[in-house]
Amino acid sequence: MKVYDLAEVALLGAPQAADLYLIRLPDLGRGSAARATLRRALLKLVRGWYGESVEILETGAAPTLTGCPLKFSISYDGTDGWVALGAQAKLGCDAVLAQDFPEMLDVARKYLGPPVAERIEQSRLRAETFAHAWAKHEATLKALGWGLAEAQAVPAMLCHYHRQTQAIVAVVAE
Amino acid sequence: MILSGPVLPELLRDECLADIFRETVRRQPTAPALEDVQGMLTYQEVLRRAEGVAAGLRAEGVGPGQCVGLWMSRGRDLIIAQVGIALSGAAWLPFDAAVPPDRLATCMRDARGTLVLTEEARAAAVRERGCKPLVMAAMPVGGDGVMVRAASSDHAYVIYTSGSTGEPKGIAISQRNVCHFIRSENQVLRIRADDRVYQGFSVAFDMSVEEVWISFLAGATLWIAPGETVADPEAVAAALLAHRLTVLHAVPTLVALMPALPPTVRLLNLGGEACPDALSERLAGKGYVVFNTYGPTETTVTATLAELRPGKSVTIGRPLPNYQIGICDPARQLLAQGASGEIVVFGPGLASGYLGRAELTAARFVEIAGQRAYLTGDLGRIDASGEIQCFGRVDNQVKLRGFRIELDEITTALAEQPGVGTAAAVVRPFAGSDEIVAFIVAAEASLNLADLRAALAHRLAVYMLPAHVEVLPSLPRLSSGKVDLAALRQRELKVVEVAEAPPAADAHEAALRAILADLFPGRRLAPDIDFFSDLNGHSLLAARLVTRLRRDPRYATIGVQHVYRHRRLGALAKAMASLGAATPGRPAPAHDDAPLSRRFWCGCAQAACLPFLVLLHMFQWLAPFFAYHLLTGDHDDSMVGAILAALATYVVALALSFPLGILLRRLLVGRLRPGNYPLWGLTYFRWWLGARLNEIPAVYLISGTPWKSLHLRLLGSKVGRDCLINSVTVSVPELLTVGDGACLGTFVNLENARVEGGRLIIGRITIGRGAAVDSYAVLENDTSVGDGARLAGQSALAEAKHIPAGETWAGAPARPVETDTALPAPPPRPGVWARASRLAAFAVGAAVVAVLFYIPVFPTFVAIDYVDARWLDLFESDHAWWETFPLFFLLAIPAAALLLVITAGLAAFLKACLPSQRTGRFSLHGREYFWKWQFSAILDASLQVLHGLYASVYAATWLRLLGTKVGRDAEVSTAEGVVPELLELGDESFIADGAMLGDEEQRGGWMVLRRTRIGHRSFVGNGAYVPDGTTFPEDFLLGVQSSSPRNEQMHAGQTWMGSPPMLLPARETIASQDPALTFRPSPGRRLARACIEGLRIVVPLAFIIAVGYVTVYETMEYVTEEDWGGFTVALTLAGLGYAAMAFTFVCSAKWLLVGRYRPRLAPMWTLFVWLSEAVTILHESLAVPALLNYLRGTPMLPWAFRLLGVKLGRATWLNTTDLTEFDCVTIGDGAELNEHSGPQTHLFEDRVMRIGLVEIGARATLGVRATVLYDASVGAECRLGPLTLVAKGEHTPAHTSWEGTPSAPAPMN
């Protein structure tokens, strides 16, 4: 999917019914400073379209926008920050670094299911395959507002992927 | 030793890039230079536009020796801008589109440039940073006639890389450098004018110079990949194929992730990072040339090049022509062959140095052995075969996750922190991947690592932050006094953080910390630390933590929710302590595995029935043939008499098929009762036989008439009066109750028997009075639709679900929706006489249609008989059947074509004779309904012969003949429920297989007819449901097995899918394909497709006619001798022989024409697609009716599919023949596929056929019409409910239940 930077999105205007923006904030890192930077940038962007009354509401779960019909979902890959922004009812975004780690297959089996774990195990690019599957799963959960749980069947939702060096970004929107 | 490339002085010329470009334009002005999604530009056009840019630049005072920033999105304008700058004589300073504007400003300042060629959207950002934006769109289009020529010593471009002081450093490449480089490298690459070169690199990366300028030198075509393609390996592969690209320059990582290089590629040039041996093995020797290149930006893109060959380990090869390579020691003394040292580059590629960094230039560009050399900082050696091996960096510059990082920058930052004495940073494996690890010597005892880390975070980019900081008493040093980095790379690391953290409170906290120390090395772990905000933990890390914790039996029941609820480590440790004993997991659904003996004996009984079923079919089919041939052949025979006798026989055989089917079912099957029976048991066998016997009568003739109700009553259903029942399938008719005045639509599946978990489940279905079940709906056992209730089209009512009276339910799974606007009270019921005459009218109408559509067979007979009697005399000869069959088959090919033309003509003629269809509401008892039914019957009858026309180039013509408005280049696969006159298909629209299009509303005694319009370029997916009155806007897509949204919900360009439908935010697009293969085929391709599809339509018919002839020819003597026993045996054998031959024919055609199916993309106007579709049509029109349909639900069907290439496990149960790309399907042991369910291994998307794999796990059950799209898998012992759609790329985990379109977890029962 196409990735935008904040300046481009600002010029494109607020996303309409079927639009979906994936915005990259390069070199943002992770952690509270990154979160604050990203929220500031997002708020500035959306206020540019909908006015100063727009706020980000921290509900304890996923933050939401008030004062505008948009939804957003945020993820960080350790380097870049990612924001999926659209008017869809359900929207989730997740970024995962394609990196091997010792308990990858165990994690996949428990959270993504044995067939995916098997696919990962047989894959020539295990870390890649895992990252895609995990990012999609997590993005779907975010879109549904569900928490992560084991052996959890999630509905099939349309997923878009983007790759940025080692990071796999998945966006689910419906 | 110095290793020299070939010495070619003729490559060293006094020239600039502009000269090279102009020379190519002079040589081939009209050749294509650039191609992208917008189209093509010739060299002449590119020159004209670039001259405009040059003129614009000159107007700003730009000329040779100056530097112009270039900051634009990918696309043709960016390349034109680059050429324009070259023509102006200036140098370009390229920036990636995603560069932070501050970095742009820093680089522009450093390069003393002020002008940035950019786009409108970026102009403000440029201006804010103190530079002047020149907007590309505002540039003049043509030149100003001025030609300024850069000197070969002028800079051609400047590229910035990361610098050790934190400031980027600019490398200036002269015109001489780059012109020589492109000529030198092309001596080896040999890119030609007929090459089509993929352009995917960012212009900020110097490999783009290789892509763009070698292509311009050679006069090749550059295909500019769209932004969304370049990062997606699959999209790159698809683009290479679709655009017939021959040359790919790429980094090894991209190629490693690509599925396979398409056969169009002849040259692959790898560079930019080290190429692993494994990738070389995968790529080399595959029919294209693969090069691995090496070169720092400072020596102009590439300095050495190796051709990769199988079995040969990867090297960076030998120097390019005129380049030289040496290996030197730290004292800059050249080393001998075999010795390892720093790689140095000599030759005309060497840049003049770093902009404004004389000191740095002097340090890296040095004199060795009397020549100017560049110290690359890479470690290497010249091996025994004279090739160079590169081992990585010798200095402290590293590339980590794509970032070029100067470790010195990190070291400097560390050393500047208070409390830090000396510091060093290395890249080494850490926590499973390569990470930056820093070592420090503390100057103060109070050094706090958490504070140090926080301070570093303010100073360094995130990707430069060390993953781990370790405090050492002193740093190891070499004898030279330098820090021994090698020793630091190998040193064992302390896992435990040095920073102060209180000791673990208990064993649980200790266990938690032990794992966290591994997941977050070097981080302070204390009870007050928050997993998410302090450790920057995220869901994946939470899952990893839980996974590791659960290896300890004490924490076997911990879940991620614990981590979310107890974010602080102390709280989490407490939660761990309070965990209870493990609870059992969700039990797997029980699966009753039938013993082999039961399956075997059931199979034997089924096999024993087959000859009988085949005989019935053969007799029904060939009775008119016999009548005709009995009464012809002698000189005094009357042709008309023979035809009339044959027609009479045909009508009698058809009419008899109804009572015969009912009688046999009553005798052989009896009444089935609701219950749960073992698969392959006696009840199963009876049910199976009943289903096969249900197929004997030609029910299509009576669908939608009162006769249908009568037929069902005779089969045991309880059907009320005035019901309207269209072409429904009823699994167990005796357990169906339909109330008075109920309406059942087209292709409704009343599946009150189905197989699941090794059991046959039989139940009742009750449709209440005045209820309506719309087309494409599915009802399972033990369901009911209340009085006056409605189940909407494409909806699924799963087992034990009940729709209360008066409610409307829709969707898969069906859920209550707003009740539809009520229709007026039902029209008055006609009197007895009116009803009787109506019954008679439908009977006559059905008979007339049957007879009329049998008539076209006779010209076929006459033509074959004429040729036979005149020249061949096959009927009178003693030739064996295998000698006559090929001749009959050949004769039947033109005869079948004749049959097709006459049938199509007849249908069109009859349509013209019937009253036109009007829109409006009409009584189901009235005349309009009768004529509408009559026309549907004509359409159905003609499709018995003309079915093959669908999914061909002839489909549109056929629909036009019937009165449909069909736009230009519309594609129609099998469309169902069409009312042709009320249908409009827009230009380039696409109707996929089995779409229900314009299905009229029938309920409450009324029929409502409306007009249906499909907009230009719109797409109706496989099995989608579009009721009449629907208007699709332009470029609209309705997904597979989806139902149409309401008109007011739809807008152009949207994608909807599902039942109920939902709007998708964006549609998956296939990388732009060549329009010549998708939307704009050449006349040659159109002709080729028409020929192949013509044959595809005619051949199955000819095969059937030839079989009919041979059978009559071989068995006629029994008839004439009235040896009915011999006749029965002979006809049965002929039927079985036909079945075997038809299957063998289809199987051979599949393997010969297509071979093994594999996942692939194929544009619609290509031979593969036509052949693949031909195989599908042969399968559906020959193999299925002649053999496979009889084998549904038997142990024999899996064997037949294995021969076609399907990978099937043991003891599978298939009640479907809907499989197409056979080799792409894997079905596990004991899997069960109910009626019309199965894998959909291909879809046409944007007129490209995409084939993928489908895997169905062991003991999985697919409900009625459940579909698994390609690239999806169904886990073991999964259950998919009726009308479930598993979307592309999805998988359903083992032991789970799913339902709906698109699939969602089924609620636990």
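The values are calculated or read from the model by the stated rules, or taken from the named source; none is laboratory data. As the structure is a prediction and not an experimental result, all values here were calculated from the model. Neighbour counts run over all protein chains shown; Cβ positions are idealised from the backbone, glycine included. Just the protein is used for accessible areas: all its heavy atoms, side chains included, with ligands, DNA and RNA removed. Shrake-Rupley method; radii C 1.70, N 1.55, O 1.52, S 1.80 Å.
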Checklist entry - Restricted to segment A:129-147, and to residues that are buried (at least 21 other Cβ atoms within 10 Å of the Cβ) and within 8 Å of another protein chain (Cβ to nearest Cβ), which residue is farthest from the chain's Cα centre (by Cα)? => result A:134
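State whether the residues of segment B:925-934 include one that is more than 30 Å from residue B:770 (Cα to Cα) and assigned to a helix (DSSP H, G or I). If you could, list the steps in order and put the result at the bottom.
Here is the first cut: in segment B:925-934, the residues more than 30 Å from residue B:770 (Cα to Cα) are none.
Within segment B:925-934, none of the residues are more than 30 Å from residue B:770 (Cα to Cα) and assigned to a helix (DSSP H, G or I).
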Checklist entry - Got at least one residue in segment B:1274-1285 being away from chain A (no Cβ under 11 Å) and farther than 30 Å from residue B:596 by Cβ? => result yes
Checklist entry - So residue B:1005 fits all but one of (1) over 23 Å from the mean Cα position of the chain (by Cα); (2) more than 14 Å from chain A (Cβ to nearest Cβ); (3) without any contact (Cβ under 8 Å) to a residue 60 or more places away in the chain; what number is the exception? => result (3)
Checklist outcome for this item: Flagged in segment B:1209-1229 as more than 14 Å from residue B:1196 (Cα to Cα), open to solvent by 10 Å² or more (accessible area, probe 1.4 Å) and in a loop (DSSP other than H, G, I, E, B), in numbering order, are B:1218, B:1220, B:1228, B:1229
Item to check | Hits in segment B:1-29 (condition: within 17 Å of residue B:195 (Cβ to Cβ) and open to solvent by 50 Å² or more (accessible area, probe 1.4 Å)) | outcome: B:27
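Which of the strands (runs of 3 or more DSSP E) contained wholly in segment B:1010-1129 include at least 2 residues that are open to solvent by 40 Å² or more (accessible area, probe 1.4 Å) and within 14 Å of chain A (Cβ to nearest Cβ)?
Working: elements: B:1012-1014, B:1025-1027, B:1055-1057, B:1062-1064.
The strands (runs of 3 or more DSSP E) meeting that bar are B:1062-1064.
Please verify whether segment B:1133-1152 includes one or more residues that are hydroxyl-bearing (Ser, Thr, Tyr), within 24 Å of residue B:1224 (Cβ to Cβ) and buried (at least 18 other Cβ atoms within 10 Å of the Cβ).
no
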Checklist entry - If we scan segment A:20-41, do we find a residue that is aliphatic (A, V, I, L, M), facing another protein chain (nearest Cβ under 10 Å) and surrounded by fewer than 17 Cβ atoms within 10 Å (Cβ to Cβ)? => result yes
Checklist entry - Counting just the residues of segment B:1248-1289 that are assigned to a strand (DSSP E or B) and of a type in the set (D, E, K, R), which one comes out surrounded by the most Cβ atoms within 10 Å (Cβ to Cβ)? => result B:1279
Next on the checklist: Quick check on segment A:164-172. Is at least one of its residues facing chain B (nearest Cβ under 8 Å), open to solvent by 10 Å² or more (accessible area, probe 1.4 Å) and part of a loop (DSSP other than H, G, I, E, B)?
Outcome noted: yes
Next on the checklist: Any residue in segment B:265-290 that is closer than 16 Å to residue B:391 by Cα and of a type in the set (D, E, K, R) sitting within a Cβ distance under 8 Å of a residue that is open to solvent by less than 10 Å² (accessible area, probe 1.4 Å) and not in a strand (DSSP E or B)? List the pairs, counting only those 6 or more apart or interchain.
Outcome noted: B:273/B:252
Checklist entry - Looking at (1) closer than 26 Å to residue B:973 by Cα; (2) open to solvent by 20 Å² or more (accessible area, probe 1.4 Å); (3) in contact with a helix residue (DSSP H, G or I) (Cβ under 7 Å, 6 or more places away or on another chain), which is the one condition that is false for residue B:1196? => result (1)
Checklist outcome for this item: If we keep only residues of segment A:76-90 that are open to solvent by less than 10 Å² (accessible area, probe 1.4 Å) and either in a strand (DSSP E or B) or in contact with a His (Cβ under 8 Å, 6 or more places away or on another chain) (or both), then the residue farthest from the other protein chains (Cβ to nearest Cβ) is A:83
Next on the checklist: With the requirement that a residue be buried (at least 21 other Cβ atoms within 10 Å of the Cβ) and either of a type in the set (A, V, I, L, M) or not in a strand (DSSP E or B) (or both), what does segment B:1231-1247 give you?
Outcome noted: B:1231, B:1233, B:1234, B:1235, B:1236, B:1237, B:1241, B:1247
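Considering segment A:130-152 alone, what residues qualify as being of a type in the set (A, V, I, L, M, F, W, C), touching a residue at least 40 places away in the same chain (Cβ under 8 Å) and within 16 Å of residue A:109 (Cβ to Cβ)?
Step one: of segment A:130-152, the residues of a type in the set (A, V, I, L, M, F, W, C) are A:130-131, A:133-135, A:139, A:141, A:143-144, A:146, A:148-149, A:151.
Going one step further and asking which of them are touching a residue at least 40 places away in the same chain (Cβ under 8 Å), we end up with A:134-135, A:139, A:141, A:143-144, A:151.
Passing the criteria: A:134, A:151.
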Checklist outcome for this item: Apart from one, (1) modelled with pLDDT of 95 or more; (2) open to solvent by 20 Å² or more (accessible area, probe 1.4 Å) all hold for residue B:230; the odd one out is (1)
Item to check | Residue that is at negative phi, free of Cβ contacts under 8 Å to residues at least 24 places away in the same chain and open to solvent by less than 40 Å² (accessible area, probe 1.4 Å), where the choices are B:645, B:691, B:698 | outcome: B:645
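In segment B:371-384, what residues are open to solvent by 50 Å² or more (accessible area, probe 1.4 Å) and modelled with pLDDT of 90 or more? Walk me through how you get there before you give the answer.
The initial filter retains those residues of segment B:371-384 that are open to solvent by 50 Å² or more (accessible area, probe 1.4 Å), namely B:371-372, B:379, B:381, B:384.
Once the filter is applied, which keeps residues that are open to solvent by 50 Å² or more (accessible area, probe 1.4 Å) and modelled with pLDDT of 90 or more, segment B:371-384 yields B:371, B:372.
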Checklist entry - Which one of these does residue A:71 not meet: (1) within 26 Å of residue B:100 (Cα to Cα); (2) open to solvent by less than 50 Å² (accessible area, probe 1.4 Å); (3) in contact with a strand residue (DSSP E or B) (Cβ under 8 Å, 6 or more places away or on another chain)? => result (2)
Next on the checklist: Residues that are of a type in the set (Val, Ile, Thr) and open to solvent by less than 10 Å² (accessible area, probe 1.4 Å), at least 1 per element: which helices (runs of 4 or more DSSP H) completely within segment B:37-123 meet that?
Outcome noted: B:43-59, B:76-88
Next on the checklist: Can you report the number of residues in segment B:238-263 which are modelled with pLDDT of 80 or more and in contact with a helix residue (DSSP H, G or I) (Cβ under 6 Å, 6 or more places away or on another chain)?
Outcome noted: 3
Next on the checklist: Conditions first: (1) more than 8 Å from chain B (Cβ to nearest Cβ); (2) in contact with a helix residue (DSSP H, G or I) (Cβ under 8 Å, 6 or more places away or on another chain); (3) crowded, with 20+ Cβ neighbours inside 10 Å. Residue A:157 passes all but one, so which condition is the exception?
Outcome noted: (1)
Checklist outcome for this item: Residues in segment A:91-128 that are free of Cβ contacts under 8 Å to residues at least 12 places away in the same chain, more than 9 Å from chain B (Cβ to nearest Cβ) and either open to solvent by less than 40 Å² (accessible area, probe 1.4 Å) or assigned to a strand (DSSP E or B) (or both) total 1
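Enumerate the helices (runs of 4 or more DSSP H) found wholly within segment B:627-746, keeping only those where 2 or more residues are within 28 Å of residue B:603 (Cβ to Cβ) and over 43 Å from the mean Cα position of the chain (by Cα).
Values: elements: B:639-664, B:682-694, B:706-714.
It comes to B:639-664.
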